[in-house]
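The values are calculated or read from the model by the stated rules, or taken from the named source; none is laboratory data. Quick caveat, the model's predicted, so the values are computed rather than measured. Here the Cβ is made from the backbone with ideal geometry for all residues, glycine too, and neighbour counts use every protein chain on show. Please note that ligands, DNA and RNA were not included when accessible areas were found on the heavy atoms of the full protein model with its side chains. Shrake-Rupley method; radii C 1.70, N 1.55, O 1.52, S 1.80 Å.
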Amino acid sequence: MTLRSGIAPLDERIEGLRPGGLYLLAAEPGAARLAFLLQFLDRGLRDGEIVALISGSPPEQTIEQAEFWGIDLTTPWRQDRCLLLGYRNEYLARVSHSPDPGEPFAELDKLIGRHVARLAIDPGTLLWEARPDASMAGAFVSWSRELEAATLAAVPIDIAEGKRASTEWVGQRARGVFQMTRD
């Protein structure tokens, strides 16, 4: 079984995304990463799936951005078919200071649950670059596989250029890395 991404040219080339698969979306700031992620979630909602977004923005701001792109998240959010989670400063501090790198992902697991078919994360690097080593990256990859959702995480850089070791580690374990450029 594969899931359509919501981006027709991508779906034609890769024939869909796999449930339980981790995919990275590498793009420079301003390259419409969020629009891509929102289309990915919108396609899932149109297919009757439950979706989730973890982002650096509060839910209200995400809903406003989605409306700008012509995507209704308000209705599915109210129906508990779309989970919108925003990073908070204290959460990121807890991630970096947690004695067990898997602890923050256990917390996210409780919030998201196992019924989510699609998970978008913007930026994903906040979850796996919280420590100087790759321990968070390893915990993130394990968590995303156990979640069994198609996970699309944004990486706010050019993947071919300088990236941290943990991002490179995650990229090597992803099912696919998609490079977006701004034209």
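Look at the stretch 117-141 and say how many of its residues are touching a Gly at 6+ places or on another chain (Cβ under 9 Å) and in a loop (DSSP other than H, G, I, E, B).
So the answer is 2.
Return the pairs, sorted by first residue and then second, in which the second residue is open to solvent by 10 Å² or more (accessible area, probe 1.4 Å) and of a type in the set (Gly, Ala, Ser), the first residue lies in the stretch 145-156 and is closer than 13 Å to GLU49 by Cβ and touching a residue at least 40 places away in the same chain (Cβ under 8 Å), the beta carbons are less than 8 Å apart, and the residues are 6+ apart or on different chains.
Once the first residue is closer than 13 Å to GLU49 by Cβ and touching a residue at least 40 places away in the same chain (Cβ under 8 Å) and sits in the stretch 145-156, its partners that are open to solvent by 10 Å² or more (accessible area, probe 1.4 Å) and of a type in the set (Gly, Ala, Ser) give GLU148/GLY20; ALA149/GLY20; ALA149/ALA117; ALA150/GLY20; ALA150/ALA117.
Taking the stretch 64-89, which residues are closer than 16 Å to LEU111 by Cα and among the acidic types (Asp, Glu)?
Answer for the stretch 64-89, where residues must be closer than 16 Å to LEU111 by Cα and among the acidic types (Asp, Glu): just ASP80.
With the stretch 1-105 as the region, which helices (runs of 4 or more DSSP H) entirely inside it contain at least 3 residues that are at pLDDT 95 or above and crowded, with 21+ Cβ neighbours inside 10 Å? Give the steps one after another, and end with the answer.
On the way: elements: 8-14, 33-46, 59-68, 74-78, 89-97.
The qualifying helices (runs of 4 or more DSSP H) are 33-46.
Somewhere in the stretch 151-171, is a residue in a strand (DSSP E or B) and open to solvent by 10 Å² or more (accessible area, probe 1.4 Å)? Write out each step before concluding.
Here is the first cut: in the stretch 151-171, the ones in a strand (DSSP E or B) are 151-155.
With open to solvent by 10 Å² or more (accessible area, probe 1.4 Å) added as a condition, the list becomes none.
Taking every residue of the stretch 151-171 in turn, none turns out to be in a strand (DSSP E or B) and open to solvent by 10 Å² or more (accessible area, probe 1.4 Å).
This table checks each residue for (1) touching a residue at least 12 places away in the same chain (Cβ under 8 Å); (2) among the charged types (D, E, K, R); (3) at negative phi.
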site: SER5; (1), (2), (3): yes, no, yes
site: GLY16; (1), (2), (3): yes, no, no
site: GLU28; (1), (2), (3): yes, yes, yes
site: PHE36; (1), (2), (3): yes, no, yes
site: PHE40; (1), (2), (3): yes, no, yes
site: GLN79; (1), (2), (3): no, no, yes
site: CYS82; (1), (2), (3): yes, no, yes
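Need the failing condition index for SER144 against (1) open to solvent by 40 Å² or more (accessible area, probe 1.4 Å); (2) not in a loop (DSSP other than H, G, I, E, B), just the number.
Result: SER144 fails condition (1) only.
Can you spot a residue in the stretch 99-114 that is farther than 23 Å from VAL170 by Cα and not polar (S, T, N, Q)?
So far as the stretch 99-114 goes, no, none of its residues is farther than 23 Å from VAL170 by Cα and not polar (S, T, N, Q).
Tally up the residues in the stretch 109-131 that are open to solvent by 10 Å² or more (accessible area, probe 1.4 Å), touching a residue at least 40 places away in the same chain (Cβ under 8 Å) and hydrophobic (A, V, I, L, M, F, W, C), please.
2
Which residue out of ALA66, ALA35 is in contact with a helix residue (DSSP H, G or I) (Cβ under 9 Å, 6 or more places away or on another chain), under 21 Å from ILE112 (Cβ atoms) and not basic (Lys, Arg)?
Result of the check over ALA66, ALA35: ALA66.
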